[in-house]
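Here is the structure we will look at.
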Amino acid sequence: MIVERVEHPDWLSNAYLVAEGPGGHGVFIDSNGLTEALEKRAERDDVTITHVLCTHSHPDHVVAIEELAARHDAPLLDYSQLADGEEVESGGVRIKALYTPGHCDDHVAFLVDESHCFTADVLFRGTVGGTSAADGDLAKLKHSILDVLLGLDDETRVFPGHKEETTIGDERRSNPFIRAWLDGEGLVSEPCRVNGEDATLLLWAPDYDGGNKALVKLGSGLETIVGGSRVERR
């Protein structure tokens, strides 16, 4: 199987080419405005693009995605066209849509041949997606990660929406958020401020961009995950 990634230098967002092999069929997953390299690889390996798949609608993942689909005369499929568990075939490649809300409501992960999972902005190497946007929901995010993604085999390779790949097993063993949710590891209760409001810091962990990400309880009692830059630690 061909899996090629291109990463945006500023947003760190990924776009992918996934194909059964040279001379076969394949798909693009997401578009970050730098898909030319993926298109050249597809052309060089004589890959016929059958679909363009979109994990979610956040701007850093959909740059010119409609144009990408049009160039290859391929259908663009996203949350609105794919039911949870629905499969898409690209030649001999089987791709299953997994509804994984929490970071946002229209979020879908793609499980390819039961061995490669494109998790976009729900699960990353060493961290998880934020839930502080208007349609973020921590309970949904935890379900998507703990029940849906961690239900996959530990050997499943994970290709996130930002930065490098990992595996389900590695994240089960070492991801600070998953360890906290499963066994309470690393949880604290420290006064802090979030966006200038009193809050409680519950977990402080590295993020994929070299900064930090935090699980916090706001003054309203709502728990959410925010970027570390929004937290004032005391």
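Once you've got the Cα coordinates, tell me which of Lys96/Lys213; Lys40/Lys163; Lys96/Lys217; Lys142/Lys217; Lys40/Lys213 are over 27 Å apart. Listed pairs above 27 Å: Lys96/Lys213; Lys96/Lys217; Lys40/Lys213. Take the Cα of Leu146, step 7 Å toward its Cβ, do the same at Ser174, and the gap between the two points is 2.3 nm. Normalised radius of gyration (Cα atoms, divided by 2.2 N^0.38 Å) for segment 78-200: 1.13. Couplings 3J(HN,Hα) for segment 135-140, derived from phi with the Karplus relation 6.51 cos²θ - 1.76 cosθ + 1.60 (θ = phi - 60°), are 10, x, 8, 5, 4, 5 Hz, where x marks Gly and Pro.
Less than 5 angstrom separates the built amide H of Leu203 from those of Val188, Leu215, all sequence-distant by 5 or more or on a different chain. How high is the FRET efficiency from Glu66 to Arg234, r the C-beta distance, R0 35 Å, rounded to 0.05? E(calc), rounded to 0.05, equals 0.15. Counting pairwise Cα distances across segment 2-185, what percent come out greater than 22 angstrom? Cα-Cα pairs in segment 2-185 separated by more than 22 Å: 41 percent.
Read-outs: derived from the displayed coordinates by stated rules, not from any lab. Since this is a predicted model, take the numbers as computed values, not measurements. We place every Cβ from the backbone using ideal geometry, glycine too, and count neighbours over all the protein chains shown.
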